[in-house]
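Below is one structure, written out as structure tokens; the observations come after it.
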There are 2 protein chains.
Amino acid sequence: MDRIDKRLLTLLQQDASRTNADLAAEVGLSPSSCLRRIRRLNAAGVIERVVAVLNPAKAGRSVKAIITVELERHGEQYVRRFLDMAAKEPAVTQAYSVSGATDALLMLRLKDMEELDALTERLFREESNVARYYTTFVIRTGKDTTEIPL
Amino acid sequence: MDRIDKRLLTLLQQDASRTNADLAAEVGLSPSSCLRRIRRLNAAGVIERVVAVLNPAKAGRSVKAIITVELERHGEQYVRRFLDMAAKEPAVTQAYSVSGATDALLMLRLKDMEELDALTERLFREESNVARYYTTFVIRTGKDTTEIPL
DNA sequence: GGTGGCATGCAATTTTATTGCACAAATTCG
DNA sequence: CGAATTTGTGCAATAAAATTGCATGCCACC
């Protein structure tokens, strides 16, 4: 991964819909060379996938919420079980087990409060392993990107 | 936005590198019709962008951390100023102001601990408006997607 | 100083996206 | 209820883009 690869990755992280010829010109390569590099980065798994990113509001999911979770039993298998359950929820975009005072953190994309109610009902019902959970809402977004700096 | 648009958006959120003809076949449309729908979704801003998603480990950023921040002064302009400062940091992938006990939450993508040290030094120096902050690390990732359910 | 491996550019080829057009479906309006 | 208008569709032709073979150049390693 040399300087040119990094430039390409940065550009593709910002806009993967550009034509190969366009990218090639920007990094100073011929289209064929450029394409082969991108192919190589794909094959190597550096580029994991290419996806469309939607506007949340226009997709009808403008509410973003964060739930931190404290489990009854903290063993690895219990944490994993909880994460698996959370991951199955379409409204859950990120599900992590974390260090510190709580065990897990969920990031949610919601249509409305009803959806949050239904979701907490499913994830934190009586017979679940959840001791307590804290819900916070995102008021303002200063940044939200998938871009990884190189 | 009918049923077909939603199907297209779901497919494109999962893999935007597929050919138009391929997508068209899957949703049961002709290539031209399919293309025009995607174009319309782009023009309407429902599709905000198309990006390459990198493998964090292979891009040299395997440490994910979350910082919750409590500010000295909580006024809107102070919150905004802090978010702007945080947003400028390349290692910060998400920066939100939130409801509840703390004022802001940052999601980080780090190379190593040194980088975290340098970053906290920059964001939480003496003359900053930050009263206290809590750092937690992501141990395990159960889910991490950009996909918004429709 | 030679040699193998790898990346490059060019040009030809193939694949894919794009557009004009005629028609069908749905919606609006009289 | 039916005509008019808008909107969406498929087909086929065209344009654009990606992809490949090949010859050359560049390094790293003998």
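We did not get these values from a lab; they are worked out from the coordinates using the rules stated. What you see is a predicted model, and the numbers here were worked out from it, not measured in a lab. Please note: Cβ atoms are built from the backbone with ideal geometry, for glycine as well, and neighbour counts cover all protein chains shown.
The 3J(HN,Hα) values that the Karplus relation (6.51, -1.76, 1.60; θ = phi - 60°) gives for segment B:77-88 are, in residue order, 5, 6, 4, 4, 4, 5, 4, 4, 5, 5, 4, 6 Hz. Gly and Pro appear as x. Close amide-amide hydrogen proximity is noted between residue B:142 and A:95, A:96, A:97, each under 5 Å apart and 5 or more residues distant or on a separate chain (H modeled in the peptide plane; Pro and chain starts excluded). Considering only GluC sites (Glu not before Pro) in DSSP loops that have at most 16 other Cβ atoms within 10 Å, the longest stretch of chain A without any of them is A:1-71.
Taking every alpha-carbon pair under 8 Å whose residues sit at least 6 apart, chain B reaches a relative contact order of 27 percent. Can you give me the angle between helix A:113-123 and the longest principal axis of chain A, using Cα atoms only, in degrees from 0 to 90, rounded to the nearest 10? That helix lies at roughly 70 degrees to the long axis. Hydrodynamic analysis of segment A:85-135 uses the Kirkwood radius over alpha carbon pairs. Inserted into Stokes-Einstein at 4 °C and 1.567 mPa s, it gives a translational diffusion coefficient of 111 µm²/s. Shown for segment A:3-43 is the translational diffusion coefficient from the Stokes-Einstein equation, using the Kirkwood radius over Cα pairs, a temperature of 37 °C and a viscosity of 0.692 mPa s: 334 µm²/s.
Taking label points 7 Å from Cα along the Cα-to-Cβ direction, residue A:2 and residue A:70 give a separation of 5.5 nm. Compute the angle between helix B:31-43 and the longest alpha-carbon principal axis of chain B, please, reported from 0 to 90 degrees and rounded to the nearest 10. It works out to around 30 degrees. The count of lysine pairs in chain B with alpha-carbon distances below 29 Å, taking only pairs 8 or more places apart or on different chains, stands at 10.
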